[in-house]
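Trainee: Below is a structure I'd like to ask you about.
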Amino acid sequence: MSLFITLAADVLVAVLLVATILTSVKLSRRITGMKADESAMRRTIGDLVTASAAAERAIAGLRAALDECDRGLTERLESAERSASQLDAHVAAGEGVIARIGAIVAQAGKPAPRREAEPVLVAVPKPAAVRTVSTSERLDVALAAAQAMSERALDRLRARAA
């Protein structure tokens, strides 16, 4: 029986040795695979770091461009506001001139005293509320003012000639 136990123990040790060798080979393959995966993972991490650095530079460039666009837009808005206020002032001045010309035309219909030495000053009241005048009305007023001025100039020439 001792032979049988020895033989059984030897077979058991041999089976265990075979199992150990198979497990070692399996583990060796896994370690080799993990090392290959590690190098691939390192390359992937390196690519990610490079990509993130490029993205950070791109974001910085976009922020700079955004700041520049913001400054440019602010300058353009300020310029547009200045132009709009200047245009409003010019329109108001033009409407004042049209109102004065209208008052001159209205005064031209009345007989004026004939004084050659003193110029006649007409006080034109400024309109309290500015009304919207169409282009044709403005042209009519300007035409009437021009006719009145030419008639007065002709009257002065006739008075000097007589």
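Each row is one residue, and each column tells you yes or no for (1) at pLDDT 90 or above; (2) within 22 Å of the chain's Cα centre (by Cα); (3) under 30 Å from SER134 (Cβ atoms).
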{"residue": "SER24", "(1), (2), (3)": "yes, no, no"}
{"residue": "THR32", "(1), (2), (3)": "no, no, no"}
{"residue": "VAL49", "(1), (2), (3)": "yes, no, no"}
{"residue": "GLY61", "(1), (2), (3)": "yes, yes, no"}
{"residue": "ALA64", "(1), (2), (3)": "yes, yes, no"}
{"residue": "ALA80", "(1), (2), (3)": "yes, yes, yes"}
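Trainee: Taking the range 1-23, which residues are surrounded by 10 or more Cβ atoms within 10 Å (Cβ to Cβ) and among the hydroxyl-bearing types (Ser, Thr, Tyr)?
Mentor: THR6, THR20, THR23, listed by residue number.
Trainee: Name the residue that is nearest to ALA144 (Cα to Cα), counting only residues in the range 85-103 that are exposed (fewer than 14 other Cβ atoms within 10 Å of the Cβ) and among the hydrophobic types (A, V, I, L, M, F, W, C).
Mentor: Filtering first and then ranking leaves VAL97.
The values are calculated or read from the model by the stated rules, or taken from the named source; none is laboratory data. Bear in mind that the values here come from a model prediction, so they are computed numbers and not experimental data. Counting neighbours? That spans all protein chains shown, and the Cβs are built from the backbone with ideal geometry, glycine included.
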